[in-house]
1. Where the only charges are on Cβ atoms (+1 Lys, Arg; -1 Asp, Glu), what is the dipole of the stretch 2-247 about its Cα centre, to the nearest 20 debye?
2. From the phi of every residue in the stretch 340-353, what ³J(HN,Hα) in whole Hz does the Karplus formula 6.51 cos²θ - 1.76 cosθ + 1.60 yield, where θ is phi - 60° and glycine or proline is x?
3. Tell me the per residue accessible area of the chain using a 1.4 Å probe; a whole number in Å² is fine.
4. How large is ³J(HN,Hα), in whole Hz, for each residue of the stretch 258-269 in order, when computed from phi with the Karplus curve 6.51 cos²θ - 1.76 cosθ + 1.60 and θ = phi - 60°, using x for Gly and Pro?
5. At 222 nm, what value in deg cm²/dmol follows for the chain if DSSP H runs of at least 4 each add -39500 (n - 2.57) and the sum is divided by all its residues, to the nearest 500?
6. Using Cα pairs under 8 angstrom and six or more residues apart, how large is the relative contact order of the stretch 250-368, in percent?
7. With the dipole of the stretch 2-247 worked out from charges on the C-beta (+1 for Lys and Arg, -1 for Asp and Glu) around the Cα centre, which of Tyr208, Ile193, Met23 lies farthest toward the positive end?
8. Over the chain, what is the relative contact order in whole percent, taking alpha-carbon pairs under 8 Å and six or more residues apart?
Amino acid sequence: MLAALAAYQKGFAGRNAHICYAMKANSSLAVLQLFAQAGCGFDIVSGGEMARVLAAGGEAHKIIFSGVGKTRAELHEALLAGIGCFNVESEAEIEVLNMVALSIGRKAPISIRVNPNVDPKTHPYISTGLKGNKFGIAHERTLATYQRAASLPGLQVVGIDCHIGSQITEETPYLDAMDRMLDLVESIEATGIPIEHIDFGGGLGINYNGDTPPTADALWAKLLAKLDARGFGKRKLMIEPGRSLVGNAGLCVTEVLYLKPGEQKNFCIVDAAMNDLPRPAMYQAFHTIVPLQTTPTALESAVYDVVGPVCESGDWIGHERRLQIQAGDQLAVLSAGAYCMSMSSNYNSRPKAAEVLVDGSQARLIRQRDSVADQLRGEFLL
Ligand code: LLP
């Protein structure tokens with residue numbers, strides 16, 4: 001995680017740039033603590049995420065609050081906490097935030113999240129910057145929305161923001177989105193509304209299956225060259241990376257429960273499932289699976305669908321993997337640091353896994369395995 005962060009820090013050396021870890025990727029307290037201690041701010045999308053950042057020692061003024069559906073209660077809490085910026089995602093939200101701020105005598109610092117209508121060339125469920133997506137304010141409405149925001153007494157315009165998608169493995173969508181954003185900044189500032197910071201969102205992909213995304217420093221060298229060329233090199237910059245900071249720092253260890261050979265398919269049934277690792281079921285995502293023991297040579301290899309115990313045919317972790325394994329073996333599912341634990345659930349009343357943070361030769365428990373009592377807490381019989 002720290003090495004991944006270092007690639008961004010290297011890319012931004014000497015610049016006025018702020019890294020706000022998009023904590024939805026992995027919101028475990030110890031992970032947040034690590035990034036807070038490394039100087040990061042946080043991109044949050046709920047009041048629950050704000051509470052986690054504060055509990056982990058993060059500073060409120062380094063928090064930016066994104067998301068299309070912030071409730072009045074969340075806006076109120078975040079204003080009281082003194083967060084750094086609200087990334088506003090609709091014209092209606094601007095009016096509500098203004099009212100909430102006025103009701104408690106505060107001025108809300110805002111950025112408008114622009115939907116630049118750029119195709120990030122990723123899975124449709126994780127594209128966010130296209131016209132048909134629910135995110136951000138349409139490019140054509142941006143100027144009028146800034147003018148409205150600047151006229152409201154409860155708001156203080158501080159920036160502009162965009163986020164075009166996730167698991168992006170090409171540079172072009174970023175370069176295109178940056179051009180569209182800078183065009184907007186020029187036209188907004190021409191109307192007398194200064195834009196202190198430009199937030200380019202997150203989205204940089206990682207290697208799951210031979211993917212070749214640019215490294216953070218290489219990508220930012222290109223983006224910064226464009227910023228410089230267009231005269232924005234000294235502007236305060238923000239980014240919101242999630243996956244690229246944690247994705248390849250995590251793996252899920254699971255045990256082979258049963259091998260089930262079949263006429264059409266062989267199944268390898270493991271004790272992790274879609275409730276622990278939802279990405280394959282949700283996005284047909286690929287995660288490399290590696291056996292963790294040296295195999296007796298007598299063991300035949302075979303092609304398996306690696307599946308979990310959940311009662312759904314969509315509960316799979318890997319399709320058609322050649323493995324030399326037997327029941328009782330352990331497997332590592334790689335690239336599980338992002339959007340696995342944070343998206344895990346108790347479906348089928350399965351306990352959430354324990355989480356261990358490894359640093360060199362040190363291993364520390366950072367989340368205990370759910371107990372049955374954890375699962376029953378908060379429920380009442382009639
Ligand atoms: N900023 C905003 C406003 C976002 O919506 C996101 C992710 C990020 C930053 C961080 O993007 P990243 O650097 O992680 O790509 N569950 C999906 C990914 C959903 C991403 C949603 N937004 C998955 O497992 O692939």
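The values are calculated or read from the model by the stated rules, or taken from the named source; none is laboratory data. Since the model is a prediction, treat every value here as computed from it, not as a measurement. Quick reminder, even Gly has a Cβ in these numbers, built from the backbone with ideal geometry, and neighbours come from all protein chains shown. Surface areas here come from the heavy atoms of the whole protein model, side chains and all, with no ligands, DNA or RNA. Shrake-Rupley method; radii C 1.70, N 1.55, O 1.52, S 1.80 Å.
1. Numbers: 23 positive and 25 negative charges, 62 e Å.
Dipole magnitude for the stretch 2-247 comes out near 300 debye.
2. 10, 4, 5, 9, 6, 9, 9, 3, 6, 6, 8, x, 6, 5
3. Details: 17670 Å² over 382 residues.
Per-residue accessible area for the chain comes out at 46 Å².
4. Computed from phi, the couplings for the stretch 258-269 are 9, 9, 10, x, x, 5, 9, 8, 9, 10, 10, 9 Hz.
5. Details: 11 runs with 108 residues, N = 382.
One gets -8000 deg cm²/dmol as the mean residue ellipticity at 222 nm.
6. Values: 246 pairs, mean separation 37.9, N = 119.
The normalised contact order for the stretch 250-368 reaches 32 percent.
7. Farthest along the dipole direction, towards plus: Met23.
8. Values: 804 pairs, mean separation 57.1, N = 382.
Rounded, it is 15 percent for the chain.
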